[in-house]
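The values are calculated or read from the model by the stated rules, or taken from the named source; none is laboratory data. It should be emphasised that the depicted structure is a prediction, and the values quoted were computed from it without experimental measurement. Backbone-built Cβ (ideal geometry, glycine too); neighbour counts: all protein chains shown. These area figures cover heavy atoms from the full protein model, side chains too; ligands, DNA and RNA do not enter into them. Shrake-Rupley method; radii C 1.70, N 1.55, O 1.52, S 1.80 Å.
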Amino acid sequence: MSAQPINPSRRRFLGSVGRAAAGTAAVGLLGAPAILRADTPKARVVVVGGGYGGAIAAKYLTMADPDLRVTLIERNPVYVSCPLSNEVLSGERDIDSLTFDYRGLTRRGIAVMGDEIIEIDPEQRFVRGKGGARYNYDKLILSPGVAFDFGAIDGMSAELADSSIPHAWKAGPQTLLLRKQLEAMPDGGVCAIVAPPNPFRCPPGPYERAAQIALYFSHHKPKSKVMIYDAKDAFSKQGLFQAGWKEHYGDMVEWVSAAAGGAIEAIDPDSMTLTGVVEDFQADVINLIPHQRAAQIAVDNGLVDDSGWCPVDQQTFASTLQPDIHVIGDAAIAGAMPKSGYSANSQGKVCAMAVAAAINGESPPAPSYVNTCYSILAPDHGISVAGVYELKDGEIVSVPGAGGLSAPDADARTRAIEVQFALDWYRNITADMFT
Ligand SMILES: Cc1cc2nc3c(=O)[nH]c(=O)nc-3n(C[C@H](O)[C@H](O)[C@H](O)COP(=O)(O)OP(=O)(O)OC[C@H]3O[C@@H](n4cnc5c(N)ncnc54)[C@H](O)[C@@H]3O)c2cc1C
């Protein structure tokens, strides 16, 4: 996972040296150490959030214009990928295979700073970290991901998610906690997944998760059930999921739509009871995926509208509320694009090119965007939805006839090949981010 050491070119070496000066001595560099350089950068770009959007924006900025001083600020020392994290729940993979450090980006000359940004000053153009460190910028890009609205379901809280009702919607300790709970559950037990309303991170994610948990149950606890209580009446790749669940797991996975009483209003963690609109449901393990909105830093700094998400110019990702701040990834309202890692990657590239163009006094290039979401239902059964997008009248829209769903009647070989495509996609996109 961690990239091999390389001998950086003199230019890159000097670049990394200077970029360190964009931070402060008070906070740590995540990656190889760097020292000061004397030259003045063309412009300072600060990127907050080193995930699927931010890591890519930082890297492609340095590729678009090596004379920029790029600083990536990330609160965690390593990044744990949500894509493929459902496989940790089935036991098909361990979390180490999802964990990446930032040394590859440091070697590219990006100053990667370990800090949590708590303040943005768009007038004086700086962001401030938790410990008081100040990072000045000429251009700012945020890719901070999502936050959870725990208050939307009575009785739910962040503390509960950390201790006994994990959402595991940010991969990491909660993913491991949920796996442990599944292991401890008796055969014949029920795992309830509470699926959130739209829009939310990874629309097919809860349904892939149901399949991965059923995969584990089918081998180890065959009398058990996976119940999905949904705030919606339809979901991504629905027909493909329902056919795949049936094919591999019989009646083990059951989906209850909102119309059928699946919308959950409250939880009692002591009795492990979910209160639905019509009736209550008991479970042995509850995976409550909360309602979502843009990450806290976007909320605290006036970047969200009434929807809870960040409106942006969909060509440059400049906030329409704070025009000098760009927002990409899950936090942004990006037209027809779903909230996915691949969307965040695509947006990171479009945004990096637009920011580099603006710094160089040029117009942003005509953007093109892409997304594919794979879901693995069984070790030999993958499905996908793909989209190509263009800008039309200021809005990101699907290109008619491009993309689409896996065929409903695909043969077993095609389903197995889609699993390989999913794994290749993961290897490629994480190499794109971290090397
Ligand atoms: C179970 C699951 C499965 C998924 N599967 C897929 C899939 O197969 N394919 C796919 O394309 N997508 C998938 N996704 C969705 C994907 O994970 C997200 O869409 C993607 O991570 C969004 O990227 P982002 O950059 O917006 O946010 P993130 O990747 O979450 O990155 C945000 C980063 O910002 C940091 N941060 C936030 N606030 C601050 C701050 N104030 N200061 C410093 N750092 C900060 C965070 O620590 C984090 O590292 C899945 C999601 C889940 C939950």
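Points worth noting:
- Of the helices (runs of 4 or more DSSP H) lying entirely inside region 99-190, those containing at least 1 residues that are within 16 Å of the ligand (Cβ to nearest atom) and outside the structural domain of Arg69 (by TED's automatic domain parsing) are 158-163, 173-184.
- Of the residues making up region 311-353, those that are in contact with an Asp or Glu (Cβ under 9 Å, 6 or more places away or on another chain), among the hydrophobic types (A, V, I, L, M, F, W, C) and either away from the ligand (no atom under 16 Å from the Cβ) or outside the structural domain of Tyr60 (by TED's automatic domain parsing) (or both) are Ala318, Leu321.
- Region 267-279, subset farther than 18 Å from Ala152 by Cβ and of a type in the set (D, E, K, R), residue most open to solvent (accessible area, probe 1.4 Å): Asp270
- Listed conditions (1) within 25 Å of Ile267 (Cα to Cα); (2) within 14 Å of the ligand (Cβ to nearest atom); (3) assigned to a helix (DSSP H, G or I); (4) aliphatic (A, V, I, L, M) are all met by Val88, apart from (1).
- Those residues of region 72-114 which are more than 21 Å from Leu423 (Cα to Cα) and among the polar types (S, T, N, Q), in sequence order: Asn76, Thr106
- For region 381-417, the tally of residues that are out of contact with any His (no Cβ under 9 Å at 6 or more places or on another chain) and either open to solvent by 70 Å² or more (accessible area, probe 1.4 Å) or over 18 Å from Ala332 (Cβ atoms) (or both) stands at 25.
- Count - residues of region 65-80 that are of a type in the set (S, T, N, Q) and more than 7 Å from the ligand (Cβ to nearest atom): 1
- Residues located in region 281-301, provided they are under 22 Å from Ser163 (Cβ atoms) and open to solvent by 30 Å² or more (accessible area, probe 1.4 Å): Gln282, Asp284, His291, Gln296
- Sub-6 Å Cβ pairs linking a first residue in region 134-149 that is under 23 Å from Ala161 (Cβ atoms) to a second residue that is of a type in the set (D, E, K, R) and not in a loop (DSSP other than H, G, I, E, B), at least 6 apart or interchain, are Gly145/Asp330; Val146/Asp330; Ala147/Arg293; Asp149/Arg293, ordered by first then second residue.
- In region 75-84, the count of residues that are at pLDDT below 50 and surrounded by fewer than 17 Cβ atoms within 10 Å (Cβ to Cβ) is zero.
- Filter result for Ala336 (within 19 Å of Gly53 (Cα to Cα), open to solvent by less than 10 Å² (accessible area, probe 1.4 Å) and not hydroxyl-bearing (Ser, Thr, Tyr)): no
Matching residues to (1) surrounded by fewer than 18 Cβ atoms within 10 Å (Cβ to Cβ); (2) among the charged types (D, E, K, R); (3) under 22 Å from Asn198 (Cβ atoms):
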position: Ile120; (1), (2), (3): no, no, no
position: Gln124; (1), (2), (3): yes, no, no
position: Arg134; (1), (2), (3): yes, yes, no
position: Ile141; (1), (2), (3): no, no, no
position: Gly151; (1), (2), (3): yes, no, yes
position: Ser157; (1), (2), (3): yes, no, no
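- Top-ranked residue in region 339-368 [being surrounded by fewer than 24 Cβ atoms within 10 Å (Cβ to Cβ) and hydroxyl-bearing (Ser, Thr, Tyr); ranked as farthest from Val46 (Cα to Cα)]: Ser368
- Contact map, region 248-260: residues that are outside any strand (DSSP E or B) paired with residues that are open to solvent by 20 Å² or more (accessible area, probe 1.4 Å) and among the aliphatic types (A, V, I, L, M), Cβ distance under 7 Å, separation 6+ or inter-chain. Pairs shown: Ala258/Ala231.
- Condition met for Ile193 (within 12 Å of the ligand (Cβ to nearest atom) and closer than 18 Å to Pro379 by Cβ): no
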